[in-house]
Every structure is written in C-alpha cells, then in structure tokens.
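Peer 1: Encoded as structure tokens, here's the structure I'll be asking about.
The values are calculated or read from the model by the stated rules, or taken from the named source; none is laboratory data. Fair warning: this is a prediction, and the values are worked out from it, not measured in the lab. Glycine gets a Cβ as well: all are built from the backbone with ideal geometry, and neighbour counts include every protein chain shown.
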Amino acid sequence: MGRIASIYNKTHLNIYDDDTGFFGFFESIDNALVAKELLKSASDWLKAKGLNKMIGPENLSTNDTIGILTRGFDQPPVIMMPYNYPYYERLLKDCGLTPTMTLFSYLMKTDSMPTNLLNRAELFENRLQKSGIQIRTIDLKNFDNEINALQPVYNSANQGNWGFLPLDTVGFQHMAKEMKQLVNDENILIAEKDGKIIGYAVTLPDFNQVFKKIPKGRLLPFGWYYLLTGRNNILGLRIIIMGVLPAYRGQGIDWCFYSKITAYAKKKGILWGEACYVMESNLQMNKMLKLLGATIVKEYKLFEMNL
C-alpha cells in the first residue's frame, strides 16, 4: 500500500542547525488515509528525535533524487530522475504539507541552439586561454586522481545552494564510481587554471532509453546484449551537474561548457539534452538556459510540514 523512510541527517543539522528532518522513498496508493499514516509515522519518529520540521521527499539528501514530479507526466524520466503518479501532489497537500522548493527540467534541442550564443562561447574560450584557463575532458585512465581533485571543487562550487550538503571523500567517490560505467571521457568536462580544477560539467547518456527495452529489467541472461548494442543508439542525454568556483564565475566558462556539450551531441547524433535538476532559486542558471533556447518540460517539488 505504501512506504516511507524517516531521515535524521546529522550533517544537515550540523550545518544548518534548523531542527529539520526529512522523509524519503515515499510511495503510496491513491488513498489519503494511507498517505496520512505513512507521513504520521515519519513525522512522529522525527519529532521524538527533537526536530520540529519535516521536508521531503529526499532520498537521502540534495545530492540524491529529491522531490516529486508535479508537471511533465507525458515525458519519460531521464536517467537517475524520479517519476510518480500525478496524485502524489494532491496527497501531500491533503496531508497538510506545503511546497517549499520547486525544481525544473529544461529541454535543449541540439539543432536549435542559438548560433550567436555558441559563437560567443568561442570568444570566451579564446579569452580564457589567454588568461591560462583550459577546458578539457576527464582522463578516465586516471579516474581516481581526477575524482579526488574534483571533490573539493564540487563542494565549494555548490556551497550556498539551497539545502546543499558537502560530500566527504568516500561519499563523492561512491557517487562518481556509480557513474563511471555509464560515461566516456567527453561526458565530463573540466576547467582548470595552472593545473588546478576550477570548474566541471557532467552529462550522462540517457540510458533509460536502453533500460526500458531490457526484458523485465534484468541484465542476465540477455540484458547485457541490449545494453551493449543500445548504448550507441541513445538519442538524448542528461546534463546532470555544472559548477564553477566563485572566483572564476562570470568569465564565460559555463558558456564554453554548453558549447562543448552541444558539439559532442552533434557528433554522437544526440538530438536533445535535459538539464536537471535546476532549482527555482538558481536565478543565473535559469536565465542562462532560457537564453540558450531551453524550455521547461518537467517540474518537481519538495514539501514541508511543521511537527
């Protein structure tokens, strides 16, 4: 009938000191009584821990899948993104929760990227090179060292984003290794100055297009065949994350990232990219994506309630 997890996140509490807990992995049939009992069990447990607010769904933090889909049900989910029944939003509201953060997915079509903006990226890159900033692809043969160098940049670039929790070395390596089997070197772009990383952009081929064709979702005995033969026929990608250290923002590094992602997509026959998540509060990223001709195709929401 349903499930829920109560999440007491010590890292969040140490950073934000806001007496907030979380619920996640929420699933429910379309029944208000079931949903209320699930949420009550989660909120009672958090309240017993001395917390006074609950936010969710987060599975397990903002570094993972968060929110429920509230718009864009006619579109299939891209890789590592949630999907749920449309009634989830109604259930949460009926249980007394209110929206606290909205997130978007932007669709970018490869053949409709504004040429003048891509040309601007070339000017930016020439200027960056003169100042000693280079943009390159990740060295997958040196993956562990690359990831170790990326971790502090990831944390610094995301500091100040709503609800962000920095990842320690173990957590970051775990997240990176989950993606390693799905990417090639051109999926991870790195900006560096004097040999030190100052920015990054990560894309993932939308392997959901392959996974949904695997019988019963099982890799054995024949699922591997679909995976190996289908990965070269993927028509979309997910722009999963992009970040630049604060000291180097406003210099066009992000424009160069998008230009190189577009060039990669054209080379591989990829027709579209979906940038997600983009928080409503990230005004600069929302503005940039709209300038690039991207349109919002999905919307997600996080909800909160006082305990």
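Peer 1: Would you be able to say whether some residue in the stretch 198-212 is over 21 Å from the mean Cα position of the chain (by Cα), among the charged types (D, E, K, R), modelled with pLDDT under 95 and over 30 Å from L46 (Cα atoms)? Show your work before the answer.
Peer 2: Here is the first cut: in the stretch 198-212, the ones over 21 Å from the mean Cα position of the chain (by Cα) are none.
Checked against the condition, which is being over 21 Å from the mean Cα position of the chain (by Cα), among the charged types (D, E, K, R), modelled with pLDDT under 95 and over 30 Å from L46 (Cα atoms), the stretch 198-212 yields no hits at all.
Peer 1: I would also like to ask the following. Report every pair of residues separated by at least 6 positions or lying on different chains whose Cβ atoms are under 6 Å apart, first residue within the stretch 71-84 and aromatic (F, W, Y), second surrounded by fewer than 18 Cβ atoms within 10 Å (Cβ to Cβ).
Peer 2: Listed pairs, sorted by first residue: F73/P86.
Peer 1: Name the residue that is surrounded by the fewest Cβ atoms within 10 Å (Cβ to Cβ), counting only residues in the stretch 37-94 that are over 28 Å from F211 (Cβ atoms) and in contact with a helix residue (DSSP H, G or I) (Cβ under 6 Å, 6 or more places away or on another chain).
Peer 2: Filtering first and then ranking leaves D94.
Peer 1: I need a count of the residues in the stretch 62-92 that are more than 26 Å from K180 (Cβ to Cβ), outside any loop (DSSP other than H, G, I, E, B) and in contact with a Phe, Trp or Tyr (Cβ under 8 Å, 6 or more places away or on another chain).
Peer 2: Within the stretch 62-92, residues that are more than 26 Å from K180 (Cβ to Cβ), outside any loop (DSSP other than H, G, I, E, B) and in contact with a Phe, Trp or Tyr (Cβ under 8 Å, 6 or more places away or on another chain) number 5.
Peer 1: Name, by its number, the condition in (1) touching an Asp or Glu at 6+ places or on another chain (Cβ under 8 Å); (2) assigned by TED's automatic domain parsing to the domain that holds N52 that does not hold for E146.
Peer 2: (2)
Peer 1: Sticking with this one: Of all residues in the stretch 265-307, which are assigned to a loop (DSSP other than H, G, I, E, B), modelled with pLDDT of 95 or more and buried (at least 17 other Cβ atoms within 10 Å of the Cβ)?
Peer 2: Correct list: I270, A294, L307.
Peer 1: Of the conditions (1) out of contact with any helix residue (DSSP H, G or I) (no Cβ under 9 Å at 6 or more places or on another chain); (2) assigned to a helix (DSSP H, G or I), T262 satisfies every one except a single condition; which number is it?
Peer 2: It fails just one condition, (1).
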